[in-house]
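Following: one structure in structure tokens, then a few remarks.
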Amino acid sequence: MKTTQLVVSDPQYLAEFIGADEIKTFFEQRYEVPPDHLGLLMRNGQFVQAYKGAHFSVGGLFHQLKGLIGGSSSVSIMIADLKTFQHYYKVVARTKDKVDIDGEVVLDLQINPEKPQNIIGMMEGRRSLSKADAALRLKSHTWDRVFEAAIARVNANEVRGNKGLQDLIQGDLMKECERIAGDLGLIVRAASVSWALNEVEKAEATRAAAERETSKLEFDFETLKRDLERENITTSVKMNYKTGIDKLEIENEDDLKRVVLDNELEFADARETGARIAEMKVLEHEINKLKTERLSKFQGELQQATHDGVDLKLITERRRVVERNTESLDRSHQLALRGLERDYDRETRELQRDERRDDRDYDREGRVLQRNEDRGNRLEDREDEKVRRKEDRDYDYETRDKNLNIQGKEREYGFDTRKKEVDVGDKEEYARIARQREQDKAARDKIKDLQGLEMDIERDRLDRRIKEADKAHDRDMEQRRLEAQREADRLVLGAKMTPEQILAVNAGLSPAVAKVLEEQAKAQGVDKAAQMDLMRQMVEQANRQAVRSEEQARAMFQAGMNGAVGVAAGAGGKVNPVLGILAGDETVECPKCTRVNPAKAKFCVGCGEQLRK
Amino acid sequence: MAGPTGAPDRISQCCYQHALTKDAIFCGECGKPLLRCMAYQECGGLVGEDGCCSVCVRPQLFLDKDAVTDVKAGGVLVLPLVFYNASSIARPLFVTDVWVREGDGPRRRIELPWKRLDAGGSNRLTVQTGALERQGRHGIEITFAAATNYFMREERFAFTSSLGLEVEQGGSLVINQTINASGVGSGGDTVYAPIRLETMADSGRKVADTGGKAAELGLQRADNFEASQGIRGYGDGALKGSVVSRGARIVWKGFGDQTPAAGPITTGDSILAIGRGKAVSEGGDNHLQLLAYGADGKLDEQLSQAISRRHIELFIQSGRLCARVTGSAGIKIGDHKHGADDAIALINHGDIINVLPKFPEAVGLQVRMRANHGQIDEITITRVPALPEANSR
């Protein structure tokens, strides 16, 4: 059986009465009220019951209605639309700054599902109620209370996007609607106002547009200005005088005017030059950038190398240790030197003491000799005096006794002659004593000279010994310093060297030569073991030839290559270019094991037999 | 400092020069035997009597920067140590043990969280002293054992260093704490946080004056310690505490006309190979050709076939004479058989190496050693039974 829906006949209707005649049919029919509609059963104008989403058949209902219809009661059904509907209307309000603004109000209204029967209060005897009629009942009440009151609080330029204002209007609207139509079964679900552009906003928009236009013009001006500046920078104007310098040798003012008038200035566009300058600047920038990148990379590698433990810090530390060792050796040298000086001073003092003692002994002996001599002289003088007195006495005696004879002799020889003879004897005696004294003094000086000579010899010997010790110490110090320096250098280099290079450096070759040999070994060796083997042979050869520099090493290989070419050309064989130069070396055979050794070897490398001393 | 004193660089340059000749045994300049490092093929280094190669083994010990070396009496001290491997040929060192000794007290073993020390790398270790009760200067001795490996061989050495600590009077308990914030083996940054807790007036913390850098501690070879702890040399038996010198003279007896010349091990790989193969002098690879002879003095070909071409290799390792079994038949020393599973055999004084375990009477090598002042400088290897001098193949 077909089911007929009971809905409002026009979508603009909110509610509508359906009389019994409209549903009274001859045949039995089934009706339903959809879920978004409400069916209100009325009897004698009084509400009986509300149906929402109800199903009923005319038959079933018919029997119920039959009694009712058969009686004196009037029965009808009102269908109400429960869906929310929107209503729009214009409002005009005045803002706080006295500007009239237009707005469009959107109201979302609905019949109150809780109290649907109250909608009857809005029907007022009509068979139907439109949505616009229901909404208009609110408009007049809310205009001043809601819109005017809310808008009067804000300025014209503050209404747009003002969420607080919208909330205020919606809240006030709901409150007023509840007050006005709440008991009529109508509720406000939502309300909002969209504002038209007011005068103030128009003015602001115009101003903003003008400012934008100004900014754009200024931007265009700046762009143009920069272009001009750039062009100015890259353009130089060169003025060439057609007139030669000699022509400028004017003689009077007229000539000057003529030259000025006749002078044609030629402007040469040097833009190309400017462009080149710009290109050069770009290139310079690129170079600087590359330099900076390379510097950063190098610093990074340096930092990485430092992090890897290679070894700048470590090497600095070792250098400090070496320097400290050198300082301590210097201190020990100073101490040793002072010790030697103390020994020398002590020995010198002893020698001086001995010398002073010898001097004292000599003086004492001199004094003793002098005393003895004085005593001898006194004794001699006394003896002489005795003799003289005796002689005087004798002379007196003899004088008395031989006065006559003396007088006779005096007369004969003269007294002066005899006196002269006595004086001569005295003088001879004095001369002998003086000679003796001179001889003693000479002997003393000789002894003294001999002692001084010995002391000088001893002093020279000590000086020589001290100097020799000092030299030996200096040599030792220098040797140690060189060894320490060599060790430090070897350490510094060793940290960066390969095993092949370490092998060569350990064998006494310089790092540069070691590097050359390693290059050759790597160039000719098939694998690592072969490279090491070849390296050993080359280092041995380099040592034999006393290769000390990189150039010598390269010359050695060049000679080896030439020799190899020569041998290959002559004999057709293949000779190792590195070892080809070995052929000319002088060798000696060990008498014990017959091993062939280099001629300069002191011992046989095979059995240790001594080959030469 | 270049490295441990007492070990390196006592080899003359002339020896290095003549060692370049592959088959050179003696230095042509000074006549000394050329004792090559076991890793000579890689390092090209020579060793002295102590067997330490200055190219391979170059450890360094540092006291890390900002380390505190002064403490109040009654306090303890934490020493941040840095072990560095300065070997320039990328050979790692293996630090196996570290001991610390305070004053005259006993040595205390420190448990190591790491072992491998790569060349150019450094590992850190924090050592804490006991409570330093007395005022004055205290000595701390740090000793460690390091090993270097080359294929199946290993050389072990011990190095020691001394450090002086100043203990001041007064103050309550002071703990100078160093916190190592890096992970084990990560090599990351280390943060030191010295903390002083004291109740008396602070006289100021004294940090080791190292110029903001780690201070290197001088290392010395601890040869006596090596011998006493068995790090090098024999730890038991008649030669307990004795160390075989790397330049020990090996005297061969009872090998008839094949008797090699006596002398130290001077081969390129510092190994003496013995086996059925020909000797080097006859164009082979062995140092000594070993064949079995019957009681009548004739060559026993069947038994000789049982000896491998390269049967055993003799070498000196960590101050001990060792044999590596390369022959398929193995060897027998006393009651112990050494074969493929137990290739390295330690040889003691008086041992007889039975070359053919199944026929112990056929060929044997009796080893006798002579020690002087704890150093074994002569090893006599006698063939058992001995061959008559006139016996020739």
Problem - Residues of region A:122-152 satisfying the condition of being farther than 30 Å from A:MET78 by Cβ and exposed (fewer than 13 other Cβ atoms within 10 Å of the Cβ) - result: A:ASP144, A:ALA152
Completion exercise
A careful count of residues in region A:314-346 that are among the hydrophobic types (A, V, I, L, M, F, W, C) and within 12 Å of chain B (Cβ to nearest Cβ) gives 4
Exercise for the section: Check region A:389-406 and report whether any residue there is at pLDDT 80 or above, in a helix (DSSP H, G or I) and aliphatic (A, V, I, L, M). Expected result: no
Practice task
Please work out if A:ALA472 is closer than 30 Å to A:LEU369 by Cβ, modelled with pLDDT of 85 or more, away from chain B (no Cβ under 12 Å) and outside any loop (DSSP other than H, G, I, E, B).
Solution key: no
Completion exercise
Filter region B:30-79 for residues that are among the polar types (S, T, N, Q) and farther than 21 Å from A:GLY508 by Cα; the one that is nearest to the other protein chains (Cβ to nearest Cβ) is B:GLN60
Exercise for the section: State yes or no: is A:PRO511 surrounded by 15 or more Cβ atoms within 10 Å (Cβ to Cβ), modelled with pLDDT under 80 and more than 19 Å from B:GLN13 (Cβ to Cβ)? Expected result: no
Exercise for the section: Identify, by number, the condition in (1) loosely packed, with under 15 Cβ neighbours inside 10 Å; (2) under 30 Å from A:ALA15 (Cα atoms); (3) touching a helix residue (DSSP H, G or I) at 6+ places or on another chain (Cβ under 9 Å); (4) not small (Gly, Ala, Ser) that A:ASN155 doesn't meet. Expected result: (2)
Completion exercise
Log entry, pairs with first residue in region B:52-72 being surrounded by fewer than 21 Cβ atoms within 10 Å (Cβ to Cβ), second being modelled with pLDDT under 85 and among the aromatic types (Phe, Trp, Tyr), beta carbons closer than 9 Å, six or more apart or on different chains, reads B:LYS65/B:TYR192; B:ASP66/B:TYR192
Handout entry: The lone exception for A:VAL513 - which of (1) β-branched (Val, Ile, Thr); (2) over 30 Å from A:VAL322 (Cα atoms); (3) within 14 Å of another protein chain (Cβ to nearest Cβ) it fails
Key = (2)
Practice task
Could you tell me which of the residues B:ALA345, B:ALA371 is part of a strand (DSSP E or B), touching a Ser or Thr at 6+ places or on another chain (Cβ under 7 Å) and buried (at least 16 other Cβ atoms within 10 Å of the Cβ)?
Solution key: B:ALA371
Fill in the blank from the handout: Selection from region B:34-48 of residues under 15 Å from the mean Cα position of the chain (by Cα) and among the charged types (D, E, K, R) yields B:ARG36
Problem - B:ALA273 at negative phi, more than 30 Å from the chain's Cα centre (by Cα), free of Cβ contacts under 8 Å to residues at least 60 places away in the same chain and crowded, with 19+ Cβ neighbours inside 10 Å - result: no
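The values are calculated or read from the model by the stated rules, or taken from the named source; none is laboratory data. Since we're looking at a predicted model, the values are computed, not measured. Heads up, the Cβs are rebuilt from the backbone with ideal geometry, glycines too, and the neighbour counts pull from every protein chain shown.
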